[in-house]
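The structure appears right after this line, and notes come after that.
The values are calculated or read from the model by the stated rules, or taken from the named source; none is laboratory data. A quick note: this is a predicted structure, and the numbers were derived from the prediction, not measured. Don't worry about glycine lacking a Cβ; one is built from the backbone with ideal geometry, like all the others, and counts go over all protein chains shown.
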Protein chains: 2
Amino acid sequence: MNPLDNFRVVLVGTLYSGNVGSCCRAMANMGMTRLRLAAPRIQDPDFKEGEKLAVHAVDVLRSREEYATFAEAVADCAAVVGTTARGGLYRQHVRTPRETAGELLEIASSAPVALVFGREDKGLLNEEVMQCTHLVRIPVAESYTSINLSQAVMVMAYEIFSAAGTYTPPREKAPLAPQAQKDTMFAHWRDMLRLIGFMEDKQTDHMMQGVHRIFSRGVRTKDDAAIMLGVARQATWAANAAGRRPPEGG
Amino acid sequence: MNPLDNFRVVLVGTLYSGNVGSCCRAMANMGMTRLRLAAPRIQDPDFKEGEKLAVHAVDVLRSREEYATFAEAVADCAAVVGTTARGGLYRQHVRTPRETAGELLEIASSAPVALVFGREDKGLLNEEVMQCTHLVRIPVAESYTSINLSQAVMVMAYEIFSAAGTYTPPREKAPLAPQAQKDTMFAHWRDMLRLIGFMEDKQTDHMMQGVHRIFSRGVRTKDDAAIMLGVARQATWAANAAGRRPPEGG
């Protein structure tokens, strides 16, 4: 089973359906689909704003489960992870999402895990914090520590999704240029740069150091090397076709 | 200089002022304050929704700089980092925000860095991608790859803020319990558990293994150890006060 399927995003006492919708989209972006509302206080019972902001994650919104209490919403979960912006009493053993993500994935490989997010206006209450098995705080600038509900869901889900390692970063599809191809390219550049008068003979090695440095960063694939070889060849042709060496300079 | 001050969040062709406001809040959460709008298409010229959603980051919103073109908005930047949800032509050399964050912080220690986010409806155009020195794609589930604008800003800013290492995760403030204090606690528990008939003599070592295992996870601070020592003492007192051993059981 994909451990991401075992995460339950539990929103406690949420006020705005728009926030719920934004949470759904963030969840779907990060491979999570199971939303629970505990003791919701939604002002807009039709979830109109929520449906709009969920965009293509409207299925997540519509398949939500609602519970009268926090305890019921997390009753079947093997780990209950509270997010808190505050420190202080009862909240000293918090860790960051990144520190916690691996452990949560391990638990989620065999049992449901609740990711719990508090009210827009007052977060989680102390009695709710007490029922959490884990507490996390998102790293945040001291000058503005209050994070929007769906942004908090995004960061937490993003860390878990990233730790799950299911995402493969796209790699260059074009085959990398072998050194011999680059050597050919550099040889043509060297000849071309002398032909067009970019550098004098005695400066050649020094200037080519710079060209090598620049191209070692930029020329990676066979296509890259072919393009830059073409530039040298064409400049060589143009300089020869002009019937004279252009003025010195470089 | 704090490198975070050198980041410019550049929103290109943005449509909704609410998104701009949410971006401002996310930026402020992550220690960034400099917002630029390139060729904005804001439908709500007073930024009413934006002011509402920026909440305490309204200064970030109000001090935004507007530019007629993308090129002007990034003209002074030493690195131009485009975010893209798409792959394909011109977008093969993308990396993840986490892979890129360290390098961007290094550049930002001496020069401005633009974090560029495209239009809600069509992202960045190919000619804009071409002007970027770096391309990033946020890891995302294949089933829903389109991330809300302010959520994308949050993840990118969060990764850079985290890599900056300015955030110190809150640590337990209470002093940790030394082993001797725990030994005293365990001794009292051992005696108490025998006194109340929780375990027979021959089970003692076996049962105490379980108690040690549980308390090794849970009892960390001096306060923790003092609480659990108090429990053992009080149970001992109560059992003695009852004037008899309670019935056997475990």
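For beta carbons closer than 6 Å, sequence separation of 6+ or different chains, a first residue in the stretch A:53-79 that is among the aliphatic types (A, V, I, L, M) and a second that is surrounded by fewer than 14 Cβ atoms within 10 Å (Cβ to Cβ) and not in a helix (DSSP H, G or I), the qualifying pairs are A:ALA78/A:ALA111.
Of all the residues in the stretch B:189-223, those that are part of a helix (DSSP H, G or I), of a type in the set (A, V, I, L, M, F, W, C) and over 30 Å from A:HIS93 (Cα atoms) number 1. Screening the stretch A:130-139 for residues that are over 18 Å from A:ASN19 (Cβ atoms) and part of a loop (DSSP other than H, G, I, E, B) and picking the one that is nearest to the other protein chains (Cβ to nearest Cβ) gives A:PRO139.
Report yes if B:LEU124 is in contact with a Lys or Arg (Cβ under 7 Å, 6 or more places away or on another chain) and touching a residue at least 24 places away in the same chain (Cβ under 8 Å), otherwise no.
So B:LEU124 fails the test.
The single condition among (1) in contact with a helix residue (DSSP H, G or I) (Cβ under 7 Å, 6 or more places away or on another chain); (2) crowded, with 22+ Cβ neighbours inside 10 Å; (3) within 29 Å of A:THR145 (Cβ to Cβ) that B:PHE70 does not satisfy is (3).
Scoring A:ALA111 on the criteria (1) more than 10 Å from chain B (Cβ to nearest Cβ); (2) surrounded by 15 or more Cβ atoms within 10 Å (Cβ to Cβ) leaves a single failure, condition (2). Of B:GLU99, B:GLU65, all but one fail to be modelled with pLDDT under 95 and among the acidic types (Asp, Glu); the exception is B:GLU99.
Here the stretch B:165-201 is the region considered, the condition is being modelled with pLDDT under 85 and touching a Leu at 6+ places or on another chain (Cβ under 9 Å), and the residue that is surrounded by the fewest Cβ atoms within 10 Å (Cβ to Cβ) is B:THR166.
Return a yes/no flag: does the stretch A:39-54 have any residue that is assigned by TED's automatic domain parsing to the domain that holds A:ALA157 and under 20 Å from A:VAL81 (Cα atoms). The answer is yes; a qualifying residue exists.
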